[in-house]
1. Going by how many other Cβ atoms sit within 10 Å of their own, how do ILE157, ILE17, ILE126 line up, fewest first?
2. Test of understanding: what is the full-extension gain from ARG30 to ILE143, defined as 0.36 nm times their sequence separation minus their Cα-Cα distance?
3. Can you order the peptides 87-97, 42-52 by their average number of other Cβ atoms within 10 Å per residue, highest first?
4. Can you give the calculated 222 nm mean residue ellipticity of the chain, where each DSSP H run of n ≥ 4 adds -39,500 (n - 2.57) and the sum is split over every residue, rounded to the nearest 500 deg cm²/dmol?
5. Report the calculated FRET efficiency for MET154 and LEU103 (r = Cβ-Cβ distance, R0 = 25 Å), to the nearest 0.05.
6. Order the peptides 143-155, 71-83, 109-121 from the highest to the lowest mean number of other Cβ atoms within 10 Å of their residues.
7. In nm, give the distance between the simple-model label positions of GLN161 and ALA96, each being 7 Å from the Cα along the Cα-to-Cβ direction.
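Here, each number is a calculation from the coordinates, and none is a lab measurement. Note that this is a predicted model, so its numbers are computed, not measured. Counting neighbours? That spans all protein chains shown, and the Cβs are built from the backbone with ideal geometry, glycine included.
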Amino acid sequence: MCLATIVAVVGAALAGIRFPILSFGSGSERELGFWAGPLTVVWLIGATLSVKLLDGLNGAAHLVLVAACLLVFYLTFGTQEYFLNAFSLVVGMVSAAALRFSLHPARLPVAGGGTLAAGFLFAMLIVFARQKTVAAAVFMVPILAVVLVAGGAMLSILEKQFTAEKK
């Protein structure tokens, strides 16, 4: 993890972007008080690094960001979440435009800092989502992407082993 990520996450928390309330599934809520800042920093770093797992896969970080933005835009379309709706639309369209250059064959591969920037935007999208169902659904997107990529790689390895054994 690079210093720029920590500075960006801590800067966002100091600017007032944080989870003030922790809500549980039973409908009860707990105000975080002092712990809102540190827990937001931990959450932002975790969400950023979950997208960083896709580093090196051409276009995967942008695909995750586009999918998350479309999901947030759809889930918040009829609500009073105007900023979140506009933020998800703008970030999603920018990421969709960047796919032209980052998909295979990547003329402008997104690696290192680019993947961290996509992960940070993804993390901010989750923090801005006040509806916990939206935040939970969005957080599952990169995990699902990693599972699909890992599953595809495992199937490819198994296929090569079985074809090699038949020869």
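1. Least to most surrounded, the residues fall as ILE157, ILE17, ILE126.
2. 38.0 nm
3. Taking the mean over residues of other Cβ atoms within 10 Å, the ranking is 42-52, 87-97.
4. Result for the chain: -24000 deg cm²/dmol, rounded to the nearest 500.
5. Efficiency, rounded to the nearest 0.05: 0.65.
6. Result, highest mean Cβ count within 10 Å first: 109-121, 71-83, 143-155.
7. Spacing of the two 7 Å Cα→Cβ label points: 4.1 nm.
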